Amino acid sequence: MPTIANRPYKWLAEYYDQLFTFHLPCFEAARQRVLGDLLPRLDSACDLACGTGTTALLLARRGIKMYGVDLSAVMCRLARLKAHRAGLPLRVIRADMRNFRLPAPVGLVLCEFDALNHVMRKADLRRVAGAVAGALEPGGYFYFDVNNRRAFETIWPGCWWIEKPGVALVMHGGYDRKRDKGWSDVEWFLRDGKRWRRHHERIEQVAWTGAEVRRTLRDAGFDRVQAWDATPFFKNDPKISPGCRTFYLARKRA
Ligand SMILES: C[S@@+](CC[C@H](N)C(=O)[O-])C[C@H]1O[C@@H](n2cnc3c(N)ncnc32)[C@H](O)[C@@H]1O
């Protein structure tokens, strides 16, 4: 059966909160460093590619009016469920980051954990930047992080696995120089009574140079772009070396 890269985010969504928690302190540190001064002044924000809504709910808990946008139906369902259980207001909209719209403009759009790299084509960055600019108030901010080509070349070819009760996954991938894309095959092993069932998902990511990111943001109407290398935020992760991941903060022209 053909695999449509990134589209389903199905098993990854179902088991996301169980398996993907290791990165949370690093992203918290980056958010604190880059957005620390901004968050106390913020009324509304949108977590773009919000996944299960962890960051969106963190900000909703601070009294910020939050939207969450994600393409995966499973992610949206889980984010709504988490919001309901936490008793926090979070409006979740199922949409593509390349053409999403919000009911009202917000002061900040976040897009964390290399979600931006998930678009299909390099040229899609221009569409995302345009949609984000449309969702922001004048003077609003776009905060995101990206995997750089160096991450696909140095980290993705390795094998990474994790096991929790009833579920195990193995990820292995690489960098396709011809297509300029990183790829990761995700093999799932899910306990079903006495048997284990195997499933497969493929994640593909595109890469941009810093110059491409800055040019695209400026063309979309962002007048100030700042960047931070991720290494200081990932002190406990020896795989992340300088140049692998970058955090950006861009301001929409006021
Ligand atoms: C690595 S997860 C990051 C989730 C969340 N931001 C976090 O920090 O945990 C990537 C997310 O991007 C979403 N995604 C992938 N392509 C998308 C698209 N074109 N538009 C919106 N969401 C997308 C996936 O469904 C998934 O929830």
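The values are calculated or read from the model by the stated rules, or taken from the named source; none is laboratory data. Bear in mind that the values here come from a model prediction, so they are computed numbers and not experimental data. So basically every Cβ, Gly included, is an ideal-geometry build from the backbone, and we count neighbours across all protein chains shown.
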Worksheet item: Is it the case that LEU48 is in contact (Cβ under 8 Å) with a residue 60 or more places away in the chain, touching a strand residue (DSSP E or B) at 6+ places or on another chain (Cβ under 9 Å) and surrounded by fewer than 20 Cβ atoms within 10 Å (Cβ to Cβ)?
Response: no
Worksheet item: Given the structure, is PHE189 in the same structural domain as ALA30 (by TED's automatic domain parsing) and on the phi < 0 side of the Ramachandran plot?
Response: no
Discussion item. I'd like to verify a number: residues in the range 49-64 that are assigned to a helix (DSSP H, G or I), within 11 Å of the ligand (Cβ to nearest atom) and within 16 Å of ILE93 (Cβ to Cβ), how many?
Written reply: 2
Worksheet entry | Positions within the range 172-195 being without any contact (Cβ under 8 Å) to a residue 24 or more places away in the chain and of a type outside the set (Gly, Ala, Ser), in sequence order | HIS172, ASP176, ARG177, LYS178, ARG179, ASP185, GLU187, PHE189, ASP192, LYS194, ARG195
Worksheet entry | Cβ-Cβ under 7 Å pairs, at least 6 apart or on other chains, the range 226-254 side assigned by TED's automatic domain parsing to the domain that holds ASN117 and modelled with pLDDT under 95, far side small (Gly, Ala, Ser) and in a loop (DSSP other than H, G, I, E, B) | ILE240/ALA230
Worksheet entry | Elements of type helices (runs of 4 or more DSSP H) contained in the range 70-189, each with 1 or more residues being farther than 18 Å from LYS239 by Cβ and within 14 Å of the ligand (Cβ to nearest atom) | 73-86, 124-135
Worksheet item: What number goes with the only condition from (1) free of Cβ contacts under 8 Å to residues at least 24 places away in the same chain; (2) within 26 Å of ALA254 (Cβ to Cβ) that LEU39 does not pass?
Response: (1)
Worksheet item: Looking at this structure, is GLY158 among the small types (Gly, Ala, Ser), touching a Lys or Arg at 6+ places or on another chain (Cβ under 9 Å) and within 19 Å of ALA13 (Cβ to Cβ)?
Response: no
